[in-house]
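What follows is a set of notes on a single structure, which appears directly below.
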Amino acid sequence: MIRCEHVTKVFNRGKPNEVVAVRDVSIEVNEGEVAVLRGPSGSGKTTLLSLIACVAKPTSGRVFVAGKEVSKLPERFLTLFRREHVGIIFQQFNLIPELSVVDNVVVPLIPTPLPANESRKRALALLKNLGMERRSDFKVRELSGGEQQRVAIARALVNNPRIIVADEPTAHLDTALAEEFLRIMHNLKREGRTIVIATHDPLVFQHEMVDVIFDMRDGRLVEVVR
Amino acid sequence: MSFEKHRNILDYSVNFLLRRKGKNLATILVFTLVVFMLASVVMMMNSLNHEARETLSLAPDITVQKIIAGRQGLVPLEYISTIQSIRGVSRAEPRVWGYYYDADEDATYTIIGVQSLESLPLAISEGGFSGESAVLVGEALARAKRLNVGDKLLLRDHRGEYVKFVVAGVFSSSSALQSADLIVMPQDKARDFFGIPSGYSNDIAVYVANPAELPNIAIKIAQKLPDTRVLTREQIRETYDAIFGWRSGVFLASLLGALLAFAILVWDRASGLTAEEKREIGILKALGWSTGDVLEMRTFEGVVLALNSYLLGVILAYLHVFYLGAPLLKPVLLGWSTLYPSFELMPVVTLEDLLLIFFISVVPFLAAVVVPSWRASTIDPDEAMRGI
């Protein structure tokens, strides 16, 4: 489902502040698996996640997602591919604070031909599944951290993607909420979705749903645990 | 291309604008002010030019003035027979006129003496021309001095003595620029009022049957009467254009400074995309918005801002110029405004003017909104979100 071959990502290339975030990494995640990118801050796990999520392109190497080499795709095709195949849950949730809960969830559907009322129906159904239907008209800034994360999950799922990527999803949650998040992810795994999570939280990488762990350090892949 | 998709993006743009009410209201305010000033100048100059052309349409084909010591002097009436002897001249008439300063109103009027009303083809809204002391007055003058038909009008003649006139009629406001400051009286009375000796006039109005012959006839008059200055209507029109063009040019040049400041402001506003805006663009891109979708959203936003400001500015300018009499511009564009009775400008707005204002205000604004957004939306969404 996901394959990275000798991937390197350099930021600010050729400048004094050049950073090699990922260095010659090769990994593979099969369809329906839950993979964890594990490592301390600055290990390159978020950058590798961005490459898998098609929000960034590698400086060198090749990235294959759902059978397509996304590292070679022009921007507009990459955008379309990302919209159709990848749902992203960001570390800071990256919700738009002035928008309501339901409006945040429909954001990925706006540049699609789906009529606004259909998008809204779909978003409300997801929010109901996540126990957020009563908060749908709240501004997201009025929500707790756990509620905000459920909105971010609903938004990641609104396009019905086959792949979910999550960056440090439990970093801002207490244990109960983190377990709630893992329960939701587990259900998504049961639906057959492929999930990649970047984290250094033992609660996540010790969870029974996890199939493979990629240990990262200083931008390099140091160990694969299956 | 899906209509729904564009409607969705438009809805999001409007939502985006409403979320930043304060900032966008400030932009609309500045934008509207610039369009208002620009449109006011253009509308006023157009209207003045239109009125000037209307005035000229009433002017004689050729005006003959006597030049003494390089200045305009009185013309002997015997010149008329010399002019009439030239083939092609249909009519030559003496004109008696002068200026009168009214200290009470702090205004200067133009007094014209006519042999008959037919020689001054201006519409009269009330009254008629009868009696030796009868005068016709401009509508603005009548309003300023609260004169009605039948009222007395006292004016000091060239000796400084008061002369009593009776208002016999008021000119129609449809010829405001021509007649606003006008007092028309019988020619002999005007000659006596200004102290012009009989057998003389201020100038001679010449009418030509065939307009194609006009330049030749003007040359012949100048040859036969070498001590005169011969002015064709076309030459007077060029002088008018130069005066109005110069005034509006000076004002527009100073307005360019304001436009430049406006351009810098909008550039700063737009290019200085806040961290929040950049982050939002990054989020949208990460969530599957293409560069084109982001640009479409920002363009809609710019169009909504710019069109509202443009329409508001143009409407306010129209009201300012044609309903309020352009109080902000008159002192600049009409040098004689303090000496001239107030008058209403005839509304003249052309499509070309509206397009001109559109292109020098709306287009740069849209560019200033879209270009920085394009720059922000072409980088990797990951980098936009991290602020790298």
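The values are calculated or read from the model by the stated rules, or taken from the named source; none is laboratory data. Since we're looking at a predicted model, the values are computed, not measured. All Cβ positions, even for glycine, are placed from backbone atoms using ideal geometry, and neighbour counts span all protein chains on display. In case anyone asks, the SASA skips ligands and DNA or RNA and just uses the protein heavy atoms, side chains included. Shrake-Rupley method; radii C 1.70, N 1.55, O 1.52, S 1.80 Å.
For the reader, a short list of remarks on this structure follows.
- Any chance A:ASP167 is open to solvent by 10 Å² or more (accessible area, probe 1.4 Å), under 27 Å from A:PRO111 (Cβ atoms) and out of contact with any Gly (no Cβ under 9 Å at 6 or more places or on another chain): yes
- Comparison of A:ILE184, A:ILE213, A:ILE110, A:ILE197 shows that the only residue that is open to solvent by less than 50 Å² (accessible area, probe 1.4 Å), in contact with a helix residue (DSSP H, G or I) (Cβ under 7 Å, 6 or more places away or on another chain), among the aliphatic types (A, V, I, L, M) and within 14 Å of another protein chain (Cβ to nearest Cβ) is A:ILE110.
- Exclusive hit being at pLDDT below 95, loosely packed, with under 15 Cβ neighbours inside 10 Å and more than 25 Å from B:ARG7 (Cβ to Cβ), set A:GLN148, A:GLN92: A:GLN92
- Region B:274-319: number of residues that are small (Gly, Ala, Ser) and within 14 Å of chain A (Cβ to nearest Cβ): 6
- Per the listing A:HIS200, A:HIS207, A:HIS172, the residue uniquely more than 25 Å from B:ASP382 (Cα to Cα) and within 20 Å of the chain's Cα centre (by Cα) is A:HIS207.
- Unique match (being farther than 30 Å from A:ARG120 by Cα, not in a strand (DSSP E or B) and not aromatic (Phe, Trp, Tyr)) among B:VAL14, B:VAL64, B:VAL30: B:VAL30
- Selected residue [open to solvent by 20 Å² or more (accessible area, probe 1.4 Å) and either farther than 30 Å from B:LEU284 by Cβ or of a type outside the set (Gly, Ala, Ser) (or both)] from B:LEU38, B:LEU58: B:LEU58
- Odd one out for A:LYS139 among (1) surrounded by fewer than 23 Cβ atoms within 10 Å (Cβ to Cβ); (2) within 14 Å of chain B (Cβ to nearest Cβ); (3) out of contact with any Pro (no Cβ under 9 Å at 6 or more places or on another chain): (3)
- Scanning region A:26-54 for residues that are within 14 Å of chain B (Cβ to nearest Cβ), open to solvent by less than 50 Å² (accessible area, probe 1.4 Å) and not aliphatic (A, V, I, L, M) yields a count of 6.
- Region A:1-25, subset within 12 Å of chain B (Cβ to nearest Cβ) and charged (D, E, K, R), residue nearest to A:ALA171 (Cα to Cα): A:LYS9
- Any chance B:ASN49 is open to solvent by less than 50 Å² (accessible area, probe 1.4 Å) and either within 14 Å of chain A (Cβ to nearest Cβ) or of a type in the set (Ser, Thr, Tyr) (or both): no
- Being over 22 Å from A:THR199 (Cβ atoms), touching a residue at least 12 places away in the same chain (Cβ under 8 Å) and open to solvent by 20 Å² or more (accessible area, probe 1.4 Å) is not true of A:GLU69.
- Residues that are more than 18 Å from the chain's Cα centre (by Cα) and within 9 Å of chain B (Cβ to nearest Cβ) were ranked within region A:96-107; the one that is farthest from B:LYS278 (Cα to Cα) is A:ASP103.
- Of all residues in region B:16-35 being within 14 Å of another protein chain (Cβ to nearest Cβ) and closer than 26 Å to B:LEU355 by Cβ, the one that is surrounded by the fewest Cβ atoms within 10 Å (Cβ to Cβ): B:ASN24
- Evaluated against (1) of a type in the set (Ser, Thr, Tyr); (2) at pLDDT below 90; (3) not in a helix (DSSP H, G or I), B:SER47 falls short on exactly one condition, (3).
- Taking the criterion of being more than 9 Å from chain B (Cβ to nearest Cβ) and at positive phi, the residues of region A:55-95 that qualify are A:GLY61, A:ALA66, A:GLY67, A:PHE93.
- A:LEU188 being out of contact with any Asp or Glu (no Cβ under 9 Å at 6 or more places or on another chain) and of a type in the set (A, V, I, L, M): yes
- Subset tally (residues that are in a helix (DSSP H, G or I), facing chain B (nearest Cβ under 8 Å) and open to solvent by 10 Å² or more (accessible area, probe 1.4 Å)) for region A:113-130: 1
- Residue match in region B:307-317 (condition: under 30 Å from A:PHE77 (Cβ atoms) and either at pLDDT 90 or above or open to solvent by less than 60 Å² (accessible area, probe 1.4 Å) (or both)): no
- Residue match in region B:2-15 (condition: open to solvent by less than 40 Å² (accessible area, probe 1.4 Å), closer than 22 Å to B:VAL294 by Cβ, more than 14 Å from chain A (Cβ to nearest Cβ) and in contact (Cβ under 8 Å) with a residue 60 or more places away in the chain): no
- Residue pairs whose Cβ atoms lie under 6 Å apart, separated by 6 or more positions or on different chains, with the first residue in region A:113-137 and touching a residue at least 60 places away in the same chain (Cβ under 8 Å) and the second open to solvent by 50 Å² or more (accessible area, probe 1.4 Å), do not occur.
- Test: residue in region A:153-163 that is basic (Lys, Arg), within 27 Å of A:SER100 (Cα to Cα) and surrounded by 23 or more Cβ atoms within 10 Å (Cβ to Cβ): yes
- Filtered residues of region B:197-216 (kept if surrounded by 13 or more Cβ atoms within 10 Å (Cβ to Cβ) and among the polar types (S, T, N, Q)): B:SER201, B:ASN202, B:ASN216
- Residue within region B:210-218 that is of a type in the set (A, V, I, L, M), assigned to a helix (DSSP H, G or I) and farther than 16 Å from B:ALA92 by Cβ present: yes
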